[in-house]
Amino acid sequence: MCGIIGYVGQQKAVDVVIEGLRRLEYRGYDSAGVAVVAGNEVQVRRRAGKLANLEKLLAEQPLPLSTFGMGHTRWATHGAPTDRNAHPHMDEAAQVAVVHNGIIENFASLRAQLEDGGVMLASDTDTEVVSHLLAQAFDGDLAEAMRAVCRRLEGAFTLVAIHAAQPDVVVGARRNSPLVVGRGEGENFLGSDVSAFISHTRHAVELGQDQVVEIRPHQIVVTTFDGKPADVKEYEVDWDASAAEKGGYDYFMLKEIHEQPKAVADTLLGRIDDDGHLQLDEMRLSDEDLREIDKVVIIGCGTAYHSGLIAKYSIEHWTRIPVEVEVASEFRYRDPILGRHTLVIAISQSGETMDTLMAIRHAREQESRVLAICNVNGSTIPRESDAVVYTYAGPEIAVASTKAFLTQIVAVNLVALYLAQVRGTKWGDEIIRHIDELAAMPEAVDRVLDTVEPMRALARELVDAKAVLFLGRHVGYPVALEGALKLKELAYMHAEGFAAGELKHGPIALIEQDLPVVVIVPPRSRKVLHDKIVSNIQEIRARGARTIVIAEEGDDTVAPYADTLVPVPAVPTLLQPIVATVPLQVFACELASAKGYDVDQPRNLAKSVTVE
Ligand code: AGP
């Protein structure tokens, strides 16, 4: 949601902070700011808009030299994205500065108390309230002041602060919102995620819920909000700075689309042990626990929700356990029927999506078991789950999710096979065969990437299209939803995905001359499904639609009805989303680029939505 970095050490703080903000900008880019301590006061520079605006301001009004400081790149929640609402925020005496990620739900009452006490607030943000509270609570120890203030706050927050009277100390706190420590040599870092400091150190310290951390050049102290020493978990970050660079591509999204064969291969690595049994990462659920499961509920948001829809087909097919799939933000408000024998599977690339995090907390309160499928080691959702299957897609920087989606599909198939293995609904040789089918996916995706040029050309042709519809059946329906989401979030176009069979129940009224309609065609081996969707294609062509057909190589039946035919390798039905989605990712990326939009950081969005 927002990107935060804190630094203390020997380097020029502004340089470290700006570099960190550049790596964090994908988390939000409505404004950016930096704060250092100089002399006996805090000095801040901040600007609305992208980081480049702040860098321009710093060139015009440089900050004094300091070896400790902090920075923030914002995704606006309270208060418009203006200079006055940009972080960091300070108290009236410019003694303390604070940056924040999340929402302070009781800020209105706290603001009223401050104003009643004569404090003049300068912004519309919830964050500024904290700067005044910290100034009032400060009695020589910023960490103690932070603990006192945190005990008064409600909601989700990551806070990082500095005080003019405490040089060489940066203090952070977290509740429900991400913050990680980077341990360096004679320097230490705080970051919303490890990309903030990955070019300086890969030694990370995971922070838990309701903890305060103070960093000095040679010291890291972590306590609870009550001041008790807290246990922390140290780990090595499993990717390096170059992995977070564009690698010669124009956009991170393009790079990540082309990393998909490797991401899929890496997610499959080491999953089979010497006895031919499937192994998952942190399976802290016993076989007995899993044999007692009588219902699976999958939760996620956006793209992660779509991979959950695909998971339903695999898990039900291989285990015969009933599966429900829920949008995380709706899940806990519908009073779901959960219990000890329910397995909740939470899918999240970032592991920090607040809607998903709050959903799994609700599930655990109902004694359900929770398994997380996540792409970020040490993030909050896996930490609060009973079991974890990590996708190994590497850092996904572009806001629009691509390789995470494909690796989530792989992961949910691994979970389905693992459940079948434990519950005996699949023999070992069947599981090995399915794993072999999965092992062929990296090469299949590679082949798709070689044949997507027609989708690029088509995207440039459709740069002025007003809308695009997407149709699919069976696992092709979630692919249609995902294709529509990509186009919405990248090209800001009206795009909608439908179950193809649903078209005749209303949406077919949308069909008009030359309206582009993308159709994901099931494998010919699913003859009934295949024939029905061919009929659907004929129905829309009869009404003037421009048909863009994603179909198996050699599918001659559908070819005559395709204005644009995009062949994909023939793969098993349940794995077709892995190859069929790639042309849709390329299509959306190219269309956004043709429109001159920011492909990696689309308007109004952020990579990880850490507010409900
Ligand atoms: C997908 O392209 C979007 N960026 C968005 O829908 C995303 O999938 C959603 O916010 C969930 O994020 P998560 O996987 O990190 O939980």
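The values are calculated or read from the model by the stated rules, or taken from the named source; none is laboratory data. None of the values given here were measured: they were computed from a predicted structure. Glycine also receives a Cβ, built like all others from the backbone with ideal geometry; neighbour counts cover every protein chain displayed. The area values use the complete protein model at the heavy-atom level, side chains included, leaving out ligands, DNA and RNA. Shrake-Rupley method; radii C 1.70, N 1.55, O 1.52, S 1.80 Å.
Among the residues of region 95-129, those that are in a loop (DSSP other than H, G, I, E, B), open to solvent by 10 Å² or more (accessible area, probe 1.4 Å) and either acidic (D, E) or under 24 Å from F189 (Cβ atoms) (or both) comprise Q95, E105, D124. Only one entry of G302, G308 meets the criterion of being within 16 Å of the ligand (Cβ to nearest atom) and open to solvent by less than 10 Å² (accessible area, probe 1.4 Å), and that entry is G308.
Please verify whether region 222-235 includes one or more residues that are outside any loop (DSSP other than H, G, I, E, B), charged (D, E, K, R) and exposed (fewer than 14 other Cβ atoms within 10 Å of the Cβ). Let's see the steps before the verdict.
Restricting attention to region 222-235, the residues satisfying the condition of being outside any loop (DSSP other than H, G, I, E, B) are 222-224, 229, 233-235.
Pick out the ones that are also charged (D, E, K, R) and you get 233-234.
Then keep just the ones that are exposed (fewer than 14 other Cβ atoms within 10 Å of the Cβ); that gives 233-234.
For region 222-235, residues outside any loop (DSSP other than H, G, I, E, B), charged (D, E, K, R) and exposed (fewer than 14 other Cβ atoms within 10 Å of the Cβ): present.
Of all residues in region 295-313, none are assigned to a helix (DSSP H, G or I) and at pLDDT below 95.
Yes or no: V586 within 16 Å of the ligand (Cβ to nearest atom), within 27 Å of I540 (Cβ to Cβ) and open to solvent by less than 10 Å² (accessible area, probe 1.4 Å)? Spell out the reasoning first.
Working: within 16 Å of the ligand (Cβ to nearest atom): yes; within 27 Å of I540 (Cβ to Cβ): yes; open to solvent by less than 10 Å² (accessible area, probe 1.4 Å): yes.
When the stated conditions are applied, V586 passes them.
Selection within region 441-469: residues that are farther than 17 Å from L565 by Cα and free of Cβ contacts under 8 Å to residues at least 40 places away in the same chain. The member of this set that is most open to solvent (accessible area, probe 1.4 Å) is K466.
Residue check: is D355 surrounded by fewer than 24 Cβ atoms within 10 Å (Cβ to Cβ), touching a residue at least 12 places away in the same chain (Cβ under 8 Å) and within 11 Å of the ligand (Cβ to nearest atom)? Considered against the rule, which asks whether it is surrounded by fewer than 24 Cβ atoms within 10 Å (Cβ to Cβ), touching a residue at least 12 places away in the same chain (Cβ under 8 Å) and within 11 Å of the ligand (Cβ to nearest atom), D355 comes out as yes.
For (1) more than 18 Å from A372 (Cα to Cα); (2) buried (at least 20 other Cβ atoms within 10 Å of the Cβ); (3) within 16 Å of the ligand (Cβ to nearest atom), each residue gets a yes or a no:
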residue: L254; (1), (2), (3): yes, yes, yes
residue: E282; (1), (2), (3): no, no, no
residue: E292; (1), (2), (3): yes, no, no
residue: V325; (1), (2), (3): no, yes, yes
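If only one of P507, P522 is on the phi < 0 side of the Ramachandran plot, touching a Leu at 6+ places or on another chain (Cβ under 8 Å) and modelled with pLDDT under 95, which one is it? Full working, then the answer.
Numbers: P522 fails: modelled with pLDDT under 95.
Result: P507 is the single residue among P507, P522 that is on the phi < 0 side of the Ramachandran plot, touching a Leu at 6+ places or on another chain (Cβ under 8 Å) and modelled with pLDDT under 95.
Take the conditions of a type in the set (G, A, S), out of contact with any Asp or Glu (no Cβ under 7 Å at 6 or more places or on another chain) and away from the ligand (no atom under 16 Å from the Cβ) and apply them to A580. Does it pass? So that I can check it myself, show each step before the final result.
Details: of a type in the set (G, A, S): yes; out of contact with any Asp or Glu (no Cβ under 7 Å at 6 or more places or on another chain): yes; away from the ligand (no atom under 16 Å from the Cβ): yes.
Spelling it out, A580 is indeed of a type in the set (G, A, S), out of contact with any Asp or Glu (no Cβ under 7 Å at 6 or more places or on another chain) and away from the ligand (no atom under 16 Å from the Cβ).
Being in contact with an Asp or Glu (Cβ under 6 Å, 6 or more places away or on another chain), modelled with pLDDT of 95 or more and open to solvent by 30 Å² or more (accessible area, probe 1.4 Å) is a condition met by no residue of region 589-600. Every listed requirement among (1) outside any loop (DSSP other than H, G, I, E, B); (2) open to solvent by 30 Å² or more (accessible area, probe 1.4 Å); (3) within 14 Å of the ligand (Cβ to nearest atom) is met by L605 save one, (1).
Which of the helices (runs of 4 or more DSSP H) found entirely inside region 354-469 contain at least 2 residues meeting this: more than 30 Å from I520 (Cα to Cα) and at pLDDT 95 or above?
Working: elements: 354-365, 380-383, 403-423, 428-439, 441-449, 453-461.
It comes to 354-365.
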